[in-house]
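Okay, so here's the structure we're looking at.
The values are calculated or read from the model by the stated rules, or taken from the named source; none is laboratory data. Note that the structure is predicted; figures quoted are calculated from it, not measured. All Cβ positions, even for glycine, are placed from backbone atoms using ideal geometry, and neighbour counts span all protein chains on display. We work out accessible area using only protein heavy atoms, side chains counted, and drop any ligands, DNA or RNA first. Shrake-Rupley method; radii C 1.70, N 1.55, O 1.52, S 1.80 Å.
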Amino acid sequence: MKKSNYIILILGIILTTSFGYKKSKIEPKKQDKPNVLFIAIDDLNDWIGVLGGHPQAKTPHMDRLAQRGVLFSNAHCQAPVCNPSRASVMTSLYPSTSGIYFLNPDIIESPVANENRVMPKRFHQEGYNVFAAGKIFHNGKGINETHIPNYAGQFGGFGPMPDEKISTYPGHPLWDWGVYPERDDQMPDYQIASWAEKKLTEKQDQPFWMGVGFYRPHVPQFAPQKWFDMYPLESLQLSKTITGDLDDISPYGIDITRLKHVSPAFEWVIENEEWKPLVQSYLACVSFVDEQVGRVLDALDNGDYGNNTYVVLFSDHGFHLGEKERFAKRSLWEDGARVPMIIMGPDIPKGKVVTKPVQLLDIYPTLLELCHLNPDPKHEGNSLVPLLKDIDAEWPYYARTCFGPGNYAIISEQYRFIQYNDKTEEFYDHKVDPHEWYNAIDKPEYAEIIGEHRDQVPMIRHDILGTGSTGHESYEATEKKNN
C-alpha cells in the first residue's frame with residue numbers, strides 16, 4: 001500500500017471513531033433491493049406453448065419467459081372466478097377463510113381479509129415504490145385505486161366495444177367474439193404495455209413493485225385481424241372431448257357449472273356452429289396478449305432493472321373451450337382451475353418445470369422471501385422458494401380450489417379429487433386420464449388415495465359474503481334444486 005493511501009486510511013478510522021459513526025455492517029442501498037414485476041393475465045388457461053394445452057397455440061414470449069425461469073405446470077387458482085381468485089392472491093387467504101367466493105364483495109368488506117395487508121400495500125410499507133395499471137384486483141369502481149398506490153388506470157378495460165354485437169349470441173353484452181378493432185393500439189392491453197414500457201425506462205430511486213394487468217383473453221374475445229389470421233378456421237383443431245363426458249357426473253356437479261350462468265350453452269354453440277369461431281377468437285386473443293407480455297419483457301431487458309427484478313406471470317383462473325361440454329370458467333375441473341404460473345429473476349434456475357401442486361396464494365409469501373422481507377403469519381399460502389431452489393424438494397402440500405362453500409377440488413401431483421356440497425364426488429388419475437374424462441371415485445384401488453385427498457377438504461367455511469352476482473345465483477339455484 002502506498003504511504004499516502006495508508007495515511008488516508010488511518011485518518012478515516014480516527015475520524016469515524018472520534019465522531020461515533022460506528023456501523024456493524026454496510027447497509028445496502030435502497031435501489032439494490034430486488035424489484036418485482038407482477039404480470040396478471042385474465043382468463044388464460046393452459047393454451048400456451050410450454051403447457052401444451054392446445055397444439056396450435058402461438059405464445060413465443062411466455063414460452064421465452066418460462067425458458068428463463070421456472071414454470072409451475074401444476075398451479076391452481078383458489079376460485080375459478082376473477083374477484084375471489086385475485087382477492088386470494090393479494091391476501092394469501094382461501095375463500096373459505098375470507099368469505100369472498102364470488103364476484104363481490106371487495107376485500108375491504110370482508111372482516112377477515114381486511115385484516116391482511118394486501119400485497120401492494122405491504123411492499124409500499126417496506127419502502128417500495130408501488131405502481132400498476134390494468135386489471136390487478138377485480139374490476140370495480142375504485143377497487144384498484146383503493147388497494148394500489150399510484151394506480152395508472154384501466155386504459156379502457158374490456159373495451160373497445162362495437163356499436164352492435166359481432167356474434168349472434170343473444171346473452172350478456174361481454175359475451176361476444178370476433179375481429180375488432182382495426183389496430184393493436186386501440187386495445188387497452190396494448191396501451192397498458194406501452195405504459196409499462198415507459199415506466200421501465202424511468203429512473204427509480206427506490207426498489208419498485210410494478211403491476212401489469214392484461215384483460216385478454218377475457219370476453220369479449222376481440223382482437224385485430226392479423227391475430228385471427230394466425231389461426232385459419234379450415235385448419236383449426238378443436239378441444240379434445242368425448243361424447244357423454246357428463247354421464248358420470250352428479251346432477252349437483254352439472255348444475256353448479258350451468259344454472260344461472262351467462263356463457264353460451266354447449267348446445268347453443270353446436271347448433272349455431274360457433275365452436276371453431278370461439279376457439280379461433282380465444283387463440284387470437286392469447287397470441288395478442290402474449291405479444292404485449294413480450295413488449296414488457298423487452299423493456300425490462302433493455303432497461304436498468306433486468307438483472308435485479310423478479311418477474312411473476314400468472315392467470316387468475318382457467319377457461320373451458322368445449323371441454324366438459326361448456327364454454328366458460330367457473331368449474332372445479334382441470335380446465336377451469338389450472339393456470340399458467342412462471343417465476344423468473346436473480347438466482348432462479350432457467351428452464352426448469354415444477355410438477356408439484358402449487359397455488360396462486362403461494363405467490364405473496366414467495367415474493368416476500370425472495371425480497372428478504374419478513375413472512376406474514378396470517379398467510380395461508382406457502383413460499384415456493386424451496387421449489388425454486390430444487391424442483392424435487394419435499395413438498396407435502398396440496399392445492400385447493402372452491403366454488404362456494406362445500407364445493408372443493410383437492411389437487412396433488414397426480415390426482416384431482418372433487419367434493420360437492422351435497423357430498424357427491426369425483427376422482428381423476430391424470431396419469432391414465434389427463435383430460436378427466438372418467439370419474440374413478442368408485443374404483444376400489446383408489447380408496448386409500450381418495451381418503452387422503454378427502455381429508456384436505458376444509459371443515460371450517462366462512463359464510464358467503466356479498467349478493468347478487470352470477471356466482472351467488474348459480475350457487476343458490478344449485479342448492480335449491482339439489483336439496
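Side notes on the structure shown:
- Counting only helices (runs of 4 or more DSSP H) that sit wholly inside the stretch 1-110, not one has at least 2 residues that are in contact with a Pro (Cβ under 7 Å, 6 or more places away or on another chain) and modelled with pLDDT under 50.
- Taking the criterion of being out of contact with any Ser or Thr (no Cβ under 8 Å at 6 or more places or on another chain) and either aromatic (F, W, Y) or closer than 16 Å to A409 by Cα (or both), the residues of the stretch 453-483 that qualify are R454, D455, Q456, V457, M459, Y475.
- Look at the stretch 212-227: where a residue is part of a strand (DSSP E or B) and a partner is polar (S, T, N, Q), sitting 6+ places away or on another chain with Cβ atoms under 7 Å, you get F214/Q292; Q221/S281.
- A single entry from I460, I450 fulfils the requirement of being modelled with pLDDT of 95 or more, open to solvent by 80 Å² or more (accessible area, probe 1.4 Å) and among the hydrophobic types (A, V, I, L, M, F, W, C): I460.
- Considering the stretch 130-155, the residues that are in contact with a Lys or Arg (Cβ under 8 Å, 6 or more places away or on another chain) and open to solvent by 20 Å² or more (accessible area, probe 1.4 Å) include one that is nearest to S194 (Cα to Cα), namely Q154.
- One residue stands out among those in the stretch 237-264 that are in a loop (DSSP other than H, G, I, E, B), within 16 Å of E425 (Cβ to Cβ) and not small (G, A, S): the one that is most open to solvent (accessible area, probe 1.4 Å), which is D247.
- Test: residue in the stretch 164-175 that is among the polar types (S, T, N, Q) and open to solvent by 70 Å² or more (accessible area, probe 1.4 Å): yes
- Subset of the stretch 290-313 [open to solvent by less than 10 Å² (accessible area, probe 1.4 Å) and not acidic (D, E)]: Q292, V293, G294, V296, L297, L300, T309, V311, V312, L313
- Taken together, the criteria exclude E234 from residues that are at positive phi and either surrounded by fewer than 21 Cβ atoms within 10 Å (Cβ to Cβ) or of a type in the set (K, R) (or both).
- Any hit, the stretch 69-82, residues being open to solvent by 10 Å² or more (accessible area, probe 1.4 Å) and over 21 Å from P357 (Cβ atoms): no
- Top-ranked residue in the stretch 190-211 [being part of a loop (DSSP other than H, G, I, E, B), open to solvent by less than 60 Å² (accessible area, probe 1.4 Å) and out of contact with any Pro (no Cβ under 8 Å at 6 or more places or on another chain); ranked as nearest to I136 (Cα to Cα)]: L200
- Members of the stretch 131-154 found to be among the polar types (S, T, N, Q) and within 16 Å of D316 (Cα to Cα), listed by number: N139, N144
Yes/no per residue for (1) under 22 Å from V89 (Cβ atoms); (2) over 22 Å from the mean Cα position of the chain (by Cα):
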position	(1), (2)
H172	no, yes
G178	no, yes
E182	no, yes
A193	yes, no
E197	no, no
L200	no, yes
D205	no, yes
F208	yes, no
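- Within the stretch 114-139, the set of residues being in a loop (DSSP other than H, G, I, E, B) and on the phi > 0 side of the Ramachandran plot comprises just one member, G127.
- Residue within the stretch 157-166 that is of a type in the set (V, I, T) and in contact with a strand residue (DSSP E or B) (Cβ under 6 Å, 6 or more places away or on another chain) present: yes
- Set D316, D347, D335: member being of a type in the set (D, E) and either modelled with pLDDT under 95 or surrounded by fewer than 18 Cβ atoms within 10 Å (Cβ to Cβ) (or both): D347
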